[in-house]
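Written out below as structure tokens is the structure these notes cover.
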Amino acid sequence: MAKIAVIGVGAVGSTFGYTAQMAGIAEEIVLIDINRAKAEAEASDMSHAGAFLKPVDVHAGTYADCKGADIVVLTAGVAQSPGESRLALVERNAKICEGIAEQIKQYTKDALILVVTNPVDVMTKVVLERSGFSSNRVLGSGTVLDSARFRRILSRYCKVDPRNVHAYVLGEHGDSEVPIWSHVRVAGIPLTDFLRGCDREWDESDREEIAQAVRNSAYHIIESKGATSYGVSQALLRIVEAYMRDEDAVLTVSTLIQGQYGIRDVCLSVPCVINGTGVSRIVEMPLEPLEKEQLLKSAEVIRETAKSVGY
């Protein structure tokens, strides 16, 4: 009987709860929020879809309902305002995540904790240290969504289905993130070779335009509708499925790095094999010198931000 606990039922938490319900990946989904009435209303609204979906028990609960959960998805926190960077949220959300981690560990030692609260790389470190869980069982949503945005934008540029594009964004889920151009493949073909076959021009300005589009995607959405919800919910579903189904899927989640890529004691996004144990292993892909330099800089941005709140 798979059970998912969702802590925080704002735009992301509620949308993910509904996405998980529609996917039918759990028999029980419990919604936990400081605003109990909001959690109950969201659960009631979702339950009304029950006649059209696979049976899922959706209900509001408390931290005690984390007991027996296979996975705890932490989305609670202060949301980004239009024009605000993710890193600007750090002090307020660190306090929130500290308190939640203390609550979670009272009721479970076995669940996987999936951190979504921004800035997600720093919050992953906060929850990891405060919960006392092993590093393979605390991970952040990281750049799974950024990588999907990268693939989607590239697919439009190349005029192919995004499912035929392999591309990764590493580092911070934020302004210092690093698109890994050296490993972009379209239909298994290196990007420059693919474009040459399409008689397309390609230069550095195209790379920068695409990188900026990926980096600024969330800002544009937040400015117009207040929050991102659909894309991130599908990214979370993909991570949860990989864990629940023991898939050995490679996803760019945020995890504790201890020596890989020349980085230590920082949580950031790199390709990881996700299965029923959580983060099974880190995939250390060869990077070009500039990509390596940018990744190290991104790690320092996260490190300094984490230090500012005692981590």
Filter result for Leu89 (touching a Pro at 6+ places or on another chain (Cβ under 9 Å), touching a residue at least 24 places away in the same chain (Cβ under 8 Å) and either outside any loop (DSSP other than H, G, I, E, B) or under 23 Å from Met244 (Cα atoms) (or both)): yes
Near pairs, Cβ below 8 angstrom, 6+ apart or cross-chain, from segment 5-32 (under 16 Å from Ile104 (Cα atoms)) to any residue that is crowded, with 24+ Cβ neighbours inside 10 Å and at pLDDT below 95: Gly8/Gly77
Selection count where residues are of a type in the set (A, V, I, L, M) and in contact with a Ser or Thr (Cβ under 7 Å, 6 or more places away or on another chain), scope segment 25-71: 3
Residue match in segment 57-76 (condition: under 16 Å from the mean Cα position of the chain (by Cα) and not β-branched (Val, Ile, Thr)): yes
Sole residue being among the small types (Gly, Ala, Ser) and within 25 Å of Asn275 (Cα to Cα), chosen from Gly17, Gly99, Gly77, Gly61: Gly17
Filter result for Ala211 (surrounded by 16 or more Cβ atoms within 10 Å (Cβ to Cβ), in contact with a Leu (Cβ under 6 Å, 6 or more places away or on another chain) and in contact (Cβ under 8 Å) with a residue 12 or more places away in the chain): no
Members of segment 104-117 that are out of contact with any strand residue (DSSP E or B) (no Cβ under 8 Å at 6 or more places or on another chain) and at pLDDT 95 or above: Lys105, Gln106, Tyr107
Enumeration of residues in segment 218-250 that are of a type in the set (Phe, Trp, Tyr), out of contact with any strand residue (DSSP E or B) (no Cβ under 9 Å at 6 or more places or on another chain) and closer than 17 Å to Ala20 by Cβ: Tyr230
Members of segment 68-84 found to be at negative phi and either loosely packed, with under 14 Cβ neighbours inside 10 Å or not assigned by TED's automatic domain parsing to the domain that holds Ala37 (or both), listed by number: Ser81, Pro82
Subset tally (residues that are among the polar types (S, T, N, Q), farther than 26 Å from Glu223 by Cβ and assigned to a helix (DSSP H, G or I)) for segment 92-123: 2
Selected residue (criterion: surrounded by the most Cβ atoms within 10 Å (Cβ to Cβ)) from residues of segment 215-253 that are at pLDDT below 95 and of a type in the set (A, V, I, L, M, F, W, C): Ala218
Counted residues, segment 164-186 - those being modelled with pLDDT under 95 and surrounded by fewer than 19 Cβ atoms within 10 Å (Cβ to Cβ): 1
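The values are calculated or read from the model by the stated rules, or taken from the named source; none is laboratory data. Here the structure is a predicted model, which means the values were calculated and not measured. For neighbour counting, all protein chains shown are included, and Cβ atoms are generated from backbone atoms with ideal geometry for every residue, glycine included.
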